[in-house]
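Below is one structure, written out as structure tokens; comments come after it.
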Amino acid sequence: MFTLVMMILMMMVGGSAVVASAFHNLGSFNNHHNNVNNLDNDDNSLNSSNKKRHGGALFRSARRRFDYGRAKEAIYADYLRPDSLYGSEFRIIFWVSRPWFQDMMTKIMSTPDLEFYQDLRGRQGKSSSCLEVMLLYPLKTLAFGVPYSAFVDYFQISIQFGMKLCCKFDAAIKALYMREYLRMPDNVDLCNIAKLHRDVHGVSGMLGSLDCCHTKWKNCPKAWAGSYQGKENSPSVVLEGIADYHMFFWHSSYGYAGTLNDKTIFDLSPFQECLLDGSFEERERRSKVVPFKIADKEFNKMFVLVDGIYMNYARFVKGIKLPVSNEETK
């Protein structure tokens with residue numbers, strides 16, 4: 001209708017030449033409109049094929065080119081060379097010593113069952129990130145307690161690959177150190193623990209100190225905040241552990257809600273379970289750390305130091321709040 005009105009107006013004003021020109025322009029407009037429609041149809045078919053190919057995504061972002069060589073040079077210049085810029089602060093930044101890191105990297109390289117270390121190659125045959133990047137990135141992320149995207153620019157990786165590295169790193173650490181560090185003491189360990197505390201404190205039969213520690217959960221979901229908010233006035237997760245004089249953990253249990261106190265956590269603790277089923281007493285007898293004597297009195301169970309909130313069990317020894325003599329102070 002709009003086109004017909006425009007033609008009538010041009011006939012009234014310009015005559016036949018204008019009408020011929022108008023018809024020529026109208027034909028060009030129609031051809032252009034048909035071409036646009038064809039392009040739209042082609043785009044729709046392309047989008048539908050992209051949906052099928054890429055799982056519903058309309059567009060796929062261009063593949064980024066990361067400079068893996070620059071990331072490796074920066075890591076060695078900052079942390080790993082003998083004259084590195086932050087070599088003396090390596091333990092402060094990553095919370096582990098550099099010799100321990102080198103030992104961990106050697107163990108991962110020599111363990112073929114770990115999926116963490118593999119000579120990854122890109123789709124175009126180019127090298128991927130080096131092993132130093134794959135190990136230092138999750139270490140630094142855990143040490144600073146930041147999201148996966150915090151250090152991707154320095155290590156020249158994507159956020160998705162950084163998330164995968166953290167998951168693989170967790171599995172690698174479990175495979176390498178779980179049997180050594182996350183276990184109950186065996187017969188030899190009990191003898192060494194008893195000797196250590198006897199030499200330091202002059203008391204036989206001491207296993208260690210039992211206590212709980214709250215860690216704040218900053219990103220706790222609001223729906224769970226009420227279940228995890230305890231005495232800290234903010235959501236927290238609780239760790240229960242038994243440590244010896246050298247701060248070596250012989251028992252650790254993590255993941256309890258912050259609303260629980262030390263007594264209720266001990267009711268759920270695996271340490272209480274091994275005390276009740278008799279497995280820990282069997283280890284004590286086989287290691288021959290019991291019986292032992294304190295002040296000419298014989299005891300048949302090792303004990304742990306606890307604070308005042310714990311129950312009055314035979315294995316729990318509480319400290320003296322107001323020591324008077326030198327003996328009580330020790």
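Computed from the coordinates by the stated procedures, all read-outs in this text should not be read as laboratory data. Just so we're clear, the structure is a prediction, and the values are computed from it rather than from any experiment. Backbone-built Cβ (ideal geometry, glycine too); neighbour counts: all protein chains shown.
Numbers below:
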| read-out | value |
| --- | --- |
| Of the trypsin sites (Lys or Arg not before Pro) in the stretch 143-224, those whose Cβ has at most 14 other Cβ within 10 Å and which sit in DSSP loop | 183, 218 |
| Cα-Cα over 23 Å, subset of 140/216; 72/107; 72/218; 168/216; 72/140 | 72/218; 168/216 |
| Pairwise centroid distance, computed over Cα atoms, of the stretch 214-235 with the stretch 122-198, Å | 26 Å |
